[in-house]
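Input: a single structure, listed below in structure tokens.
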Amino acid sequence: MTPGDFIFDAIPELYFCRTVSLKPFIRINGKCPGIFSLVLFFFAAEPVSGQLSMDTVWESLQQHPKFFFQLDAANSFVSGRGANAIGFKAGLDFGKKIRFGAGYYTVVSDIVEPKYIEKYDSTYNAKLQMDYYTTFVDYVLYDRGKWQFTLNNQFGIGNSYFWYYPNKESKTKTERINQQVIVLYEPALMGHYKILKWVGIGFGTGYRIMLMNNKEIDHRISSPIYSIRLKIFMNEIVNSIWPNGLFRKKPKTTEDVKPS
């Protein structure tokens, strides 16, 4: 991979989680949150026009990979209350069909609880948070015209905990309690529609499945995941301005070669 193969795919996010409620669509009889997301995911996992095949996968893996970096964000729930996931991922793109890589995410919830801290002999308001590292595989199911749909399978490992300010007045330092290791799996169906060559609308839905949860935290972390965002295709901008690559040298012409 040469420097000219670098892809910078920065995606600023516009969030609509405070104004758009998806609960009526992801809750059935008030007992099964995320059924809609799971049904949509497994339906999408079926082969689309024969594109999902080992021949296609093998052909893509034979192509020269390109590095990519992407800012990412999504919305979810913790015990039925809003929780925003913000992070990034990076890896290798094979033929704009398959992506492998790793990432890091922080989930900040709206859960705040009073916690008695024995060493300070006082009660503090503590906020629930989760941080985790991920490995993922993306597979482009459909890419035609202005539409693209991608299957994302992501495994993560990290910690969940409550954090608080031990000094209630200065609020410059935080401490953690109830911290334990967590393991999770997040299948999702993501897509976008290109409004212009450089700008589009991104969207997606999936589900966070806790394979190993924090026993010290009595909250439902497994949750539907959804996102609605403005997407800027930085790689298209870079390719338009530097068609030969951002760092690739311009090929020499016969005029540049001086006779010896």
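The values are calculated or read from the model by the stated rules, or taken from the named source; none is laboratory data. What you are looking at is a predicted structure, and each value in this text was computed from that prediction instead of being measured. Here the Cβ positions follow ideal geometry from the backbone for every residue, glycine too, while neighbour counts run over all protein chains shown.
Quick notes
- Only one of the listed residues (VAL181, VAL137) is more than 30 Å from ASP93 (Cβ to Cβ) and outside any loop (DSSP other than H, G, I, E, B). That residue is VAL181.
- Residues of the range 77-97 that turn out to be over 20 Å from HIS64 (Cα atoms) and more than 13 Å from the chain's Cα centre (by Cα), as a count: 7
- For the range 109-137, taking the residues that are crowded, with 17+ Cβ neighbours inside 10 Å and of a type in the set (Ser, Thr, Tyr), the one that is farthest from the chain's Cα centre (by Cα) is identified as TYR124.
- Residue pairs whose Cβ atoms lie under 9 Å apart, sitting 6 or more positions apart in sequence or on different chains, and linking a residue in the range 201-216 that is closer than 30 Å to LYS146 by Cβ to a partner that is among the small types (Gly, Ala, Ser) and assigned to a loop (DSSP other than H, G, I, E, B), are GLY206/GLY34; TYR207/GLY34; TYR207/SER222; ARG208/GLY34; ARG208/SER222.
- GLU169 vs. criteria acidic (Asp, Glu) and either touching a residue at least 60 places away in the same chain (Cβ under 8 Å) or under 20 Å from ASN84 (Cβ atoms) (or both): no
Yes/no matrix, rows are residues, columns are (1) of a type outside the set (Gly, Ala, Ser); (2) at pLDDT 90 or above:
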residue: GLY91; (1), (2): no, yes
residue: GLY95; (1), (2): no, no
residue: PHE100; (1), (2): yes, yes
residue: TYR104; (1), (2): yes, yes
residue: GLU113; (1), (2): yes, yes
residue: ASP121; (1), (2): yes, yes
residue: TYR124; (1), (2): yes, yes
residue: MET130; (1), (2): yes, yes
residue: LYS168; (1), (2): yes, no
